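Worksheet: one structure, shown below.
The values are calculated or read from the model by the stated rules, or taken from the named source; none is laboratory data. Because the structure is a prediction, the values reported are computed rather than measured. For neighbour counting, all protein chains shown are included, and Cβ atoms are generated from backbone atoms with ideal geometry for every residue, glycine included.
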């Protein structure tokens, strides 16, 4: 083997050759040389040193099979016998071609996977940079719009029509800002930089506050909440878990229409709290359920219903919940609605 590597390193195969590796690379056709005569070595030698190197290999029989995938020759697989009386046969060549075909497929798949991984990395880098660059101006714009709204409400210098226009601007900027923040969270999760800042808090109060805020922003919709009267004490990141609750409520609103209500049900056992958010919206196709929490995945019926989104919200929800040692599940029937259930550990006796 070292001699063979040395030979190919010093004298790379020529694509102009009539036999051997170069010929197979050029034509894509396997070659069988049952016996290697001295005349063939002399014809392929580039100089005296090359001829001596080939003679030292003591070639008896050679077969070369192309590594072909998707119409391209990626390389060759060469078999050399230096044992007298051991010549390769057409049956051996057929076996070599089968091995080469499988090897080529494996190589091609590995290359495709590497290219896909590189494309994903480039996309993630672009989204991260774009999100960082947009965050500051969007935050400033949102602050200015809200300031103008408060001044206009206090001083009354805008007509009702203009106030409605400001409400629309505020809503759309807030929506875009939320998308940017979600993209930043996705980038942090991919880089292992999303941290959970744990404190003790009342999860029931957090859910109730999130529901009230969502009701205030969507007064045309009915959102009901069932919760225990007692606090549910949890050791976790209240800000991140509020993000989870808000995401589930916003999804329920997005994928259903008035007058259909949204139901949020919070329960607690000895060491676990469960929040279920149910809607009667478009539902999720059965084939989409296994992929629903994957990054950038969106079910096909979103496109048919013209519902926009990035496909990262549920991915972030799942990651945050799992960082808290919890689980998130979905039950859905297309056309009948969905139930998302988050289960989280809570303090014993809460």
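Remarks
- Among the residues of the range 16-43, those identified as over 18 Å from residue 88 (Cβ atoms) and either over 50 Å from the mean Cα position of the chain (by Cα) or not assigned by TED's automatic domain parsing to the domain that holds residue 73 (or both) are 38, 39, 42, 43.
- Selected residue (only one of 310, 344 is under 24 Å from residue 188 (Cα atoms), in a loop (DSSP other than H, G, I, E, B), touching a helix residue (DSSP H, G or I) at 6+ places or on another chain (Cβ under 9 Å) and touching a residue at least 60 places away in the same chain (Cβ under 8 Å)): 310
Rundown of residues vs (1) surrounded by 15 or more Cβ atoms within 10 Å (Cβ to Cβ); (2) modelled with pLDDT of 95 or more, yes/no style:
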site: 185; (1), (2): yes, no
site: 191; (1), (2): no, no
site: 203; (1), (2): yes, yes
site: 208; (1), (2): yes, yes
site: 214; (1), (2): yes, no
site: 218; (1), (2): yes, no
site: 243; (1), (2): yes, no
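- Residues satisfying the stated conditions in the range 25-56, i.e. crowded, with 17+ Cβ neighbours inside 10 Å, in contact with a helix residue (DSSP H, G or I) (Cβ under 7 Å, 6 or more places away or on another chain) and not in a helix (DSSP H, G or I): 30, 31, 32
- The range 222-234: number of residues that are surrounded by fewer than 15 Cβ atoms within 10 Å (Cβ to Cβ) and either in contact (Cβ under 8 Å) with a residue 40 or more places away in the chain or not assigned by TED's automatic domain parsing to the domain that holds residue 252 (or both): 5
Residue-by-condition table, conditions (1) in a helix (DSSP H, G or I); (2) crowded, with 16+ Cβ neighbours inside 10 Å; (3) assigned by TED's automatic domain parsing to the domain that holds residue 186:
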| residue | (1), (2), (3) |
| --- | --- |
| 68 | no, yes, no |
| 74 | no, yes, no |
| 79 | no, yes, no |
| 99 | yes, no, no |
| 107 | yes, no, no |
| 122 | yes, no, yes |
| 128 | yes, yes, yes |
| 134 | yes, yes, yes |
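- Residue 148 vs. criteria assigned by TED's automatic domain parsing to the domain that holds residue 124 and modelled with pLDDT of 90 or more: yes
Residues checked against (1) touching a residue at least 40 places away in the same chain (Cβ under 8 Å); (2) touching a strand residue (DSSP E or B) at 6+ places or on another chain (Cβ under 9 Å); (3) not assigned by TED's automatic domain parsing to the domain that holds residue 178:
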| residue | (1), (2), (3) |
| --- | --- |
| 257 | no, no, yes |
| 266 | yes, yes, yes |
| 297 | no, no, yes |
| 335 | yes, no, yes |
| 340 | yes, yes, yes |
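- Candidate set from the range 180-221 (those that are without any contact (Cβ under 8 Å) to a residue 60 or more places away in the chain and in contact with a strand residue (DSSP E or B) (Cβ under 7 Å, 6 or more places away or on another chain)); member that is nearest to residue 310 (Cα to Cα): 214
- Top-ranked residue in the range 277-291 [being touching a helix residue (DSSP H, G or I) at 6+ places or on another chain (Cβ under 9 Å) and closer than 17 Å to residue 226 by Cβ; ranked as surrounded by the fewest Cβ atoms within 10 Å (Cβ to Cβ)]: 278
- Of all residues in the range 231-269, those satisfying the criterion of being over 26 Å from the mean Cα position of the chain (by Cα), closer than 17 Å to residue 327 by Cβ and not in a strand (DSSP E or B) are 232, 269.
- Tally, over the range 313-333, of residues that are within 23 Å of the chain's Cα centre (by Cα), within 14 Å of residue 289 (Cα to Cα) and in contact (Cβ under 8 Å) with a residue 24 or more places away in the chain: 6
- Subset of the range 1-12 (residues that are in a loop (DSSP other than H, G, I, E, B) and free of Cβ contacts under 8 Å to residues at least 40 places away in the same chain): 1, 12
- The single condition among (1) within 30 Å of residue 36 (Cα to Cα); (2) surrounded by fewer than 15 Cβ atoms within 10 Å (Cβ to Cβ); (3) free of Cβ contacts under 8 Å to residues at least 40 places away in the same chain that residue 89 does not meet is (3).
- Residue 266 under 27 Å from residue 215 (Cβ atoms), in contact with a helix residue (DSSP H, G or I) (Cβ under 9 Å, 6 or more places away or on another chain) and at pLDDT 95 or above: yes
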